[in-house]
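Structure, as structure tokens:
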Amino acid sequence: MNKNRTLILGILMAVVTSVILLGCSPQPREPQVSPTATATSTPVFTATPLPTSLPTPTIPPTPLPDPRELGDRLAESVAQIETPRGSGAGFLVDGNYLVTSANVVWPLETVTATFADGVKFENVPVVQWDLVADLAVIGPVPTDAQPVAFYDGPDLRPGDVVLLLSNRDPLGKMPKLEIAEKDILDAWEWQKTGVTYFRIKALSSELPSGGLLFSETGQLVGFSNNSVASGLFGYMLSVSDIAFTLEKITSGEDADGVMRNLKDGRKKGGLIHKAKIPYAFSMPTYVIWENPGTKVELSIVFKEKKGFTFQILNVRGIVENLDLKKLSFDHKTDFITHLDAPYFLEAFSYPYSIPNQGVIGSDHRLIPYDDPDDNQHLAVDSEMFGVSDYPGDRDIYFISLKGGETIRGHIESAMFKPSIAISRAEPQESGKTLARSVTETPVGATVDFTAPDDGQYILYVSGQHLSDIGAYYLSIQSQ
């Protein structure tokens, strides 16, 4: 039994020894294999689902004010301006100043302003006017009324609804303001000044003495002036384009570069004057400014009696009645002033009595008006600035042309409807019109002229009505 136990132990020892020897002997190295890159799978983006939109509550538009109620409120800031020259609407701005048309107040020193509630202010001072844009500022007036707000919304387009506030009193004495809805037809820009005019359909009966254009919310959009109109349509000056000009005028600055204030010469002049008339329509002019009710006696003698005549116009462009029979018999006549404003004595001769000269005398002061525009010489391809200074004014310019040379004359004004007439410069021929301008735009007229031969020609610039005054731009271009 011991022998068997010894045999079994020996066998176990042999097995253990073999296992140990096999584990310690070096093993053959397997070949190294470079690792193979595993392709990365393309990512798939899953769209994030949008949140479910909630219903947006509809905000009702702010209701527009009733036009009639709005008109009553706006009327509190509007006054009727009355002067010896005429009447027109004025609107209140900051500082209690009133803005109106220069055509209404020129060349006066004070005006009367009546508000819609009947409150009247007399002897309101005229601060300044702009004869280019047809603007004037008067005041200040002691009122508690609120100034108008200028329109600051989006650009107005054809079809937009606006409100026209106008005075229906044909005499223009008391504000009888009515409001009416209008559609903007289109807008026209005066390139020379950069000012925009809105065109609306409006009868002359709707604008007897000016009108104001408001947005439906009550902001001032524009206002009408004296001459920018055409047939059944009215052109309303955009107030947003004139804000800077109004600031200058309100401060008393010369906004248009024209300081031809007739009141500055009231203390000048004399009783007897020599006058010369070298060309047809060259008119020696004298200002008479006396108190209303003054009888003014005149003595007028000219060398060529046949073709000589004269006229006296008031600031409205109305010719005063004179006893011409008395004048032809003893060279004297008289008239009585009825306006607290200047009168203008204009002497002229017909072509068959040119040139002419004579003496004009009076028992009251006659102030010679030396027009700085007259007798200037124009060059082809040039431009100039001029002024129709008083009712009946006719500015005379000279230009030298070659036979067959063609020019185009163009004139623009916002205060009156301008016109150009061309004649020869020889005295006896100066009254024969060779060409006349044609109106083309709300503010402009054009004339084309070809000189028949070498020589000097005259360009006459005037308004289409005796009452016309205001600044203008004149250009001469070769064709």
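Couple of notes before you dig in:
- Longest to shortest principal axis, alpha-carbon extents of region 286-431, angstrom: 52, 35, 20
- Computed from backbone phi, the HN-Hα couplings of region 214-220 come to 10, 6, 5, 9, x, 9, 6 Hz, rounded to whole numbers (Karplus: 6.51 cos²θ - 1.76 cosθ + 1.60, θ = phi - 60°; Gly and Pro given as x).
- Once backbone amide H atoms are built at 1.01 Å from N, Glu405 has Ala451 as its partners under 5 Å, excluding neighbours fewer than 5 places away on the same chain.
- For Leu135, the residues whose modelled amide H falls within less than 5 Å of its own, excluding neighbours fewer than 5 places apart on the same chain, are Ala102, Asp130.
- Extension gain for the segment Asp152 to Lys306, taken as residue separation times 0.36 nm less the Cα-Cα distance, is 49.2 nm to one decimal.
- Taking a point 7 Å out from the Cα of Glu440 in the direction of its Cβ, the residues of region 384-424 whose backbone N falls within less than 17 Å of it are 384, 406-414, 417-422.
- For region 268-368, a simple Cβ point-charge model (Lys and Arg +1, Asp and Glu -1, everything else neutral) yields a dipole of about 340 debye relative to the Cα centre.
- Of the residues Pro368, Pro351, Pro284, the one whose Cα sits farthest toward the positive end of the charge dipole of region 268-368, with +1 on the Cβ of Lys and Arg and -1 on the Cβ of Asp and Glu, is Pro351.
- Here region 268-368 is treated as an ellipsoid with the same Cα gyration tensor; its semi-axes, largest first and in whole Å, are 22, 14, 13.
- Prolate/oblate/rounded label for region 67-250 (Cα gyration tensor, a/c 1.5): rounded
- FRET E, pair Gln464, Phe244, Förster distance 30 Å, beta-carbon r, rounded to 0.05: 0.45
- Simple point charges give the picture: +1 on the Cβ of Lys and Arg, -1 on the Cβ of Asp and Glu, and for region 306-410 a dipole about the Cα centre of about 480 debye.
- Computed over neighbours whose Cβ is under 13 Å from that of Pro154, the net charge equals -3, Lys and Arg +1, Asp and Glu -1.
- Tensor-based shape of region 376-478 (alpha-carbon gyration tensor, a/c under 1.5 rounded, otherwise prolate or oblate): prolate
- Subtracting the Cα-Cα distance of Glu69 and Ile336 from 0.36 nm times their residue separation leaves 91.4 nm of extension gain.
- Summing charges over neighbours of Glu69, with a neighbour being any other residue whose Cβ is under 13 Å away from its Cβ, gives -2 when K and R count +1 and D and E count -1.
- Global form of region 340-383, assessed from the alpha-carbon gyration tensor, a/c cut-off 1.5: oblate
- Charged-residue dipole, Cβ positions (Lys, Arg, Asp, Glu), region 403-456 about Cα centre, Debye nearest 20: 260
Values in this text are rule-based calculations from the coordinates and carry no lab data. Bear in mind the structure is a predicted one, so any value in this text is a computation, not a measurement. No Cβ is skipped: glycine too gets one built from the backbone with ideal geometry, and neighbour counts run over all protein chains shown.
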